[in-house]
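The values are calculated or read from the model by the stated rules, or taken from the named source; none is laboratory data. Predicted, not measured: the structure shown is a model, and the values here were computed from it. Glycine also receives a Cβ, built like all others from the backbone with ideal geometry; neighbour counts cover every protein chain displayed.
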């Protein structure tokens, strides 16, 4: 194996700047060119496949944005700094990011993992306080070690195989959720939407009339008492807050917020056991619905969300509020334009179609096996990420000799 070469990162890469077409010119937007911003790739997935916004060829021509090619890297430089992804097909991007392409004999997938390791080091050194912007000078200050191309490819293969398996599990879970929602809509949709009359054994009741616990963070006390009794910690403990951000991060333990034992005890009215329904009730993502993960740590609900727990209705209500009808019902109680929100009192007033217990049991049996597979995949992904993140610094430093690994 050849000696690893040490050099400034800037000498190994080509930096590409992004831009934004004028938003006042309608013809620059809603074309067929994907246009990336950091909100499209802040989830730790290796590839970004979808973008919220698209631009036209005219928008591309009359702005400073550039086209990134397949396997180019994108990194956020402002705002949520250091988020990274690879590009699976040509895309444009905004000025809050840099595009990165390797120079010479630098394997692009190896470069992606080299960048991830470099950003990890920067964040560790600054503890998240100073590292709030990436400039061209940042890439000059980072010193990296690069092996020969054969070793690069072997390292990239080990790490990308793990990420590929993670992506497969995410796609499988998405497919299972789509199947479950299709079954739900087929069985219950006609009655929920009013296309068919309710069977005599079914009912329509408000959430407050059902055997469902609805609670939230502020159920534990006033804002003053919460501020006095809840302490967020940077170091890892056995207690975590579950946030919408964690759902978006695929419940990456390393990105979670920890709290003290005393804080966890104080938040007893919003403790989580796993599998509860969580619905975001404040902010731009109001109405987002997800299930609480099953973690070995003690969990409590974070602010800006409500939690639902029910023995019999949990699976049904999860898909009910995930469905277009349920989303419309949630939106009906949202107030505020600058800061959309709803409260648990208004949520409890929503009316829900409830099938008879025989139908619910039949549905729960079918969906239950699908949900178990989803949770197994989530757990496997969490373990795979821990493996990848433990291998990453060892492989990039040469501490772990890749030539000794049998691929």
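Is at least one residue of the range 379-391 more than 21 Å from the chain's Cα centre (by Cα) and either in contact (Cβ under 8 Å) with a residue 60 or more places away in the chain or surrounded by fewer than 16 Cβ atoms within 10 Å (Cβ to Cβ) (or both)? Steps first, answer last, please.
As a first pass, look at the range 379-391 and keep what is more than 21 Å from the chain's Cα centre (by Cα): 391.
Cutting the leftovers down to either in contact (Cβ under 8 Å) with a residue 60 or more places away in the chain or surrounded by fewer than 16 Cβ atoms within 10 Å (Cβ to Cβ) (or both) gives us 391.
Among the residues of the range 379-391, at least one is more than 21 Å from the chain's Cα centre (by Cα) and either in contact (Cβ under 8 Å) with a residue 60 or more places away in the chain or surrounded by fewer than 16 Cβ atoms within 10 Å (Cβ to Cβ) (or both), which makes the answer yes.
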Residues (surrounded by fewer than 17 Cβ atoms within 10 Å (Cβ to Cβ), touching a strand residue (DSSP E or B) at 6+ places or on another chain (Cβ under 7 Å) and farther than 12 Å from residue 93 by Cα) located in the range 46-65: 47, 57
Criterion violated by residue 206 - all others in (1) touching a helix residue (DSSP H, G or I) at 6+ places or on another chain (Cβ under 8 Å); (2) crowded, with 19+ Cβ neighbours inside 10 Å satisfied: (2)
Single match in 229, 250, 238, 185 (criterion: surrounded by 17 or more Cβ atoms within 10 Å (Cβ to Cβ) and either under 25 Å from residue 307 (Cα atoms) or modelled with pLDDT of 95 or more (or both)): 250
Among residues of the range 138-162, those that are closer than 20 Å to residue 120 by Cβ and either touching a residue at least 40 places away in the same chain (Cβ under 8 Å) or not in a helix (DSSP H, G or I) (or both), counted: 16
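Being out of contact with any helix residue (DSSP H, G or I) (no Cβ under 6 Å at 6 or more places or on another chain), part of a helix (DSSP H, G or I) and surrounded by 13 or more Cβ atoms within 10 Å (Cβ to Cβ) is the filter here, so list the residues in the range 327-359 that pass it.
Taking the range 327-359 and keeping what is out of contact with any helix residue (DSSP H, G or I) (no Cβ under 6 Å at 6 or more places or on another chain), we get 327-332, 334-347, 349, 351-352, 354-359.
Then keep just the ones that are part of a helix (DSSP H, G or I); that gives 327-332, 344-347, 357-359.
Those that are out of contact with any helix residue (DSSP H, G or I) (no Cβ under 6 Å at 6 or more places or on another chain), part of a helix (DSSP H, G or I) and surrounded by 13 or more Cβ atoms within 10 Å (Cβ to Cβ): 327, 329, 330, 344, 346, 347, 359.
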Which numbered condition residue 213 fails, given (1) within 21 Å of residue 308 (Cα to Cα); (2) loosely packed, with under 13 Cβ neighbours inside 10 Å; (3) more than 27 Å from the chain's Cα centre (by Cα): (3)
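Specify the residue that is nearest to the chain's Cα centre (by Cα); the eligible residues are those in the range 83-93 that are surrounded by 20 or more Cβ atoms within 10 Å (Cβ to Cβ) and in a loop (DSSP other than H, G, I, E, B).
Initially, the range 83-93 is screened for residues surrounded by 20 or more Cβ atoms within 10 Å (Cβ to Cβ), giving 83-87, 91-93.
Restricting the remaining residues to those that are in a loop (DSSP other than H, G, I, E, B) gives 83, 87.
On the way: 83: 12, 87: 18 Å.
Only one residue tops the list, namely 83.
From the list 312, 308, 317, exactly one residue is touching a strand residue (DSSP E or B) at 6+ places or on another chain (Cβ under 7 Å), over 18 Å from residue 245 (Cα atoms), assigned by TED's automatic domain parsing to the domain that holds residue 250 and not in a helix (DSSP H, G or I). Which is it?
Testing whether each residue is touching a strand residue (DSSP E or B) at 6+ places or on another chain (Cβ under 7 Å), over 18 Å from residue 245 (Cα atoms), assigned by TED's automatic domain parsing to the domain that holds residue 250 and not in a helix (DSSP H, G or I) leaves just 308.
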Number of the exception - residue 287 against (1) in contact with a strand residue (DSSP E or B) (Cβ under 9 Å, 6 or more places away or on another chain); (2) assigned to a loop (DSSP other than H, G, I, E, B); (3) surrounded by fewer than 17 Cβ atoms within 10 Å (Cβ to Cβ): (3)
